[in-house]
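Peer 1: Before I ask anything, here is the structure I am working with.
The values are calculated or read from the model by the stated rules, or taken from the named source; none is laboratory data. This one's a predicted model, so the numbers in the text were calculated from it and none came from an experiment. Please note: Cβ atoms are built from the backbone with ideal geometry, for glycine as well, and neighbour counts cover all protein chains shown.
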Amino acid sequence: MEESQDITVNAGDIARLASVGRAAVSNWRRRHDDFPRPVAGTTSSPLFSLPEVAAWLRRNGKPFEVSLGDLVWQRLRTSADDLRLGELVGRVGAFLLFLRREPGAWPGLGARTADAVAAATAGLPGAPIAPPDDPGLLGLVAELAAERGPLATFEFLCERYAEAHSRRLAVTRDDVADLMWRLAGRGRGAVLDPACGVGTLLLRAGSALGQEADATNALIAAVRLLLRGADARIVAGDSLREDGLAGRQADAVICDPPFNERAWGYGELTGDPRWEYGLPPRGEGELAWVQHCLAHVRPGGPVAILMPPAAASRRPGRRIRANLLRAGALRAVVTLGAAGPDLWLLRRPDGGRPPSRLLLLDASEDLSVVEPAWRAHLRDPEAEPPGDGRSVRIIDLLDEEVDVSPTRRRPQQGGPDFLRDFTDALDRFRGASAALPDAPPALEVLAERQDLPATTVGELAKAGLVTILQAPARMPAEEGPLPVLTAGDTAVGSAPTGGTTLDPDLVMIRAGDIVTSVLGAVRVMRRSGAALGPQLTLYRVDPERLDPDFVAGFIRSADTNRSHPGFSRLDVRRARVPVLPLADQRRYGAAFRELFALEDRVRETTALGETLIRLGFDGLVDGHLRPCDQGV
């Protein structure tokens, strides 16, 4: 580990590398006098020498592995303090973009590397961008890029960066980002995000425009898009105060703007021509973002923007909401969760007759209802949408409050429909919950913990027992006859819901394949024939040597044992797998298969219980139910 001599790690890093919790690291420090002493950092956040920690762990028989990716990340973290870490990640990204554009040009450049990188990345925000001046770090990055590819390498570093700055770096939820793309971005030409952060909402765009106030995040976003081969232009600067794309109109706009910012530029932007629907009040900066998005989309073009729930009803913004409704710009408001945000769907008026109805939809229990409800509303605005949605006459909303909150105008349950829904929910919940007691597998409790010899998924891949296949970043078409397994399907265990057209670059799923998502979902596929969707990885085992359910169970355990499951992503290559005969693997695999099935049943029962609870409250409040002594 010659390249690791100067690398330091904190307690969280040690816990992640050793696959234990932070409490275990604290116990080691307290109970073992020979545990390495801090070499830097502070009393509350000490840093340790990576080689010293690795040697101590191996002396004490602790499972430990430092992958090339971990080595790159830890060296990168050691090279900069937290305030400069993002800048260094961006500079490494520029170097990776250079490697993609000029394959084979490095490492023969020597002292000319900085000039070559600057020339190859001239279009990046803040250019010219100098690569890190650490030849050892560049060597490790180039080695990792040769192993994984420049895009996968940079995504790995971005994930680690997001984990390290989870409290300061706001990233749109993957399921919400996917929904916004399907509703507004899919099938469009140029897509704009005027508050693009690290580029999350633009990753599927073939032609992308973006602006971001933080120069470091703008650089990271640009690199992520360009490494995907997108035609991208990302500008650094505050979109409201310094519109770097003034005069440009995109085919669609998708945006997750900052919330509750009073200093958005009210005083200096009073006469701005973007305020077509009214000057946003000082405390309603989100309505400034709405109008900024509408100003940057072509007539008839869609806008999908996340908004705080209060923006649908706050009194100071009622005049702008009324003007948006009268002009036909605001088309739908969707509640995505009890704590927000809401999703506003808009279209820039094109001179045609404005719509007379607004779709209000509560999707807090199930995001999958949004797209079919929206498509149905576009086909027939007069019809009531499925689920907890309502098509409301705009004239009925233009009162003193102009309240467009979906939860305030939920459809009232009534008569036969309520009776059918409640009875159906009650029967389904009873049926699902009745099966739970017999669902857990038969497991024997051991008096002492059983230690089994183990290897890792990465080592199994090197030995040819596991083939790892990554889905393409984008499908050849957004719709088509070929089924596509999406990240959302993998998370909930449903059948493939996506679609595309046949293409030689697609990864086709076979029965027995293990599929994982970046957020930790693990599935063993029982059927062949679907294509692997974006953000998914496939692990195909040698069935003569490995049982797929056995391997999947231990991959899943690597997810549940992460130190920070809310922020870190599943690193499957480091998952430890016991070395067992195939017959024993199958016994474990059968138990894991039953646990996976139990997880699905519990999830289904929970969803049914939430529906039953909601209907029970609604029925008691509306007078369609009443308490009885012997139950319903």
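Peer 1: Within the range 142-154, work out how many residues are in a loop (DSSP other than H, G, I, E, B) and crowded, with 18+ Cβ neighbours inside 10 Å. Walk me through it before giving the result.
Peer 2: Taking the range 142-154 first, the residues in a loop (DSSP other than H, G, I, E, B) are 149.
Checking the rest, the ones that are also crowded, with 18+ Cβ neighbours inside 10 Å come to none.
Within the range 142-154, residues that are in a loop (DSSP other than H, G, I, E, B) and crowded, with 18+ Cβ neighbours inside 10 Å number 0.
Peer 1: Could you tell me which residue of the range 492-528 is nearest to the chain's Cα centre (by Cα), considering only residues that are within 18 Å of residue 473 (Cβ to Cβ) and among the hydroxyl-bearing types (Ser, Thr, Tyr)?
Peer 2: Per the criteria, the residue is 517.
Peer 1: Among the numbered criteria (1) among the hydrophobic types (A, V, I, L, M, F, W, C); (2) out of contact with any helix residue (DSSP H, G or I) (no Cβ under 9 Å at 6 or more places or on another chain); (3) not in a helix (DSSP H, G or I), which one does residue 66 miss?
Peer 2: Here residue 66 clears every test but (2).
Peer 1: Please enumerate the residues belonging to the range 310-346 that are of a type in the set (Ser, Thr, Tyr) and either in contact with a strand residue (DSSP E or B) (Cβ under 8 Å, 6 or more places away or on another chain) or buried (at least 21 other Cβ atoms within 10 Å of the Cβ) (or both). Don't jump to the end; show me each part of the working.
Peer 2: At the first step, the residues of the range 310-346 found to be of a type in the set (Ser, Thr, Tyr) are 313, 335.
Residue satisfying the conditions is 335 alone.
Peer 1: Checking residue 105 against (1) buried (at least 17 other Cβ atoms within 10 Å of the Cβ); (2) small (Gly, Ala, Ser); (3) in a loop (DSSP other than H, G, I, E, B): exactly one of these is not met. Which one?
Peer 2: Of (1) buried (at least 17 other Cβ atoms within 10 Å of the Cβ); (2) small (Gly, Ala, Ser); (3) in a loop (DSSP other than H, G, I, E, B), only one is false for residue 105: (1).
Peer 1: Are there strands (runs of 3 or more DSSP E) fully within the range 508-565 with at least 1 residues that are at pLDDT below 90 and touching a Cys at 6+ places or on another chain (Cβ under 6 Å)? List them.
Peer 2: Here the list is empty.
Peer 1: How about the range 377-393: which of its residues are in contact with a His (Cβ under 9 Å, 6 or more places away or on another chain) and within 17 Å of residue 347 (Cβ to Cβ)? Can you show your working first?
Peer 2: Of the range 377-393, the ones in contact with a His (Cβ under 9 Å, 6 or more places away or on another chain) are 383, 385, 389, 391.
391 - this is the single residue of the range 377-393 that is in contact with a His (Cβ under 9 Å, 6 or more places away or on another chain) and within 17 Å of residue 347 (Cβ to Cβ).
Peer 1: Would you pick out the residues in the range 508-536 that are farther than 23 Å from residue 575 by Cα and crowded, with 19+ Cβ neighbours inside 10 Å?
Peer 2: Listed by number, the residues that qualify are 530, 531.
Peer 1: Please pick out the residue among 262, 282 that is more than 17 Å from residue 218 (Cβ to Cβ), modelled with pLDDT under 95, surrounded by fewer than 16 Cβ atoms within 10 Å (Cβ to Cβ) and touching a Gly at 6+ places or on another chain (Cβ under 7 Å).
Peer 2: On the way: 282 fails: touching a Gly at 6+ places or on another chain (Cβ under 7 Å).
One residue alone meets the criteria, 262.
Peer 1: Another question, then. In the range 114-141, which residues are over 26 Å from the mean Cα position of the chain (by Cα), crowded, with 19+ Cβ neighbours inside 10 Å and either at pLDDT below 90 or farther than 25 Å from residue 236 by Cα (or both)?
Peer 2: Matches in the range 114-141: 137, 138, 140.
Peer 1: Here are some residues: 112, 75. Which one is in contact with a helix residue (DSSP H, G or I) (Cβ under 9 Å, 6 or more places away or on another chain), of a type outside the set (A, V, I, L, M) and part of a helix (DSSP H, G or I)?
Peer 2: One residue alone meets the criteria, 75.
Peer 1: Find all pairs meeting these conditions: Cβ atoms under 6 angstrom apart; at least six residues apart or on different chains; first residue within the range 175-188 and closer than 16 Å to residue 474 by Cα and in the same structural domain as residue 332 (by TED's automatic domain parsing); second residue charged (D, E, K, R) and assigned to a helix (DSSP H, G or I).
Peer 2: Every condition considered, the pairs that remain are 182/371.
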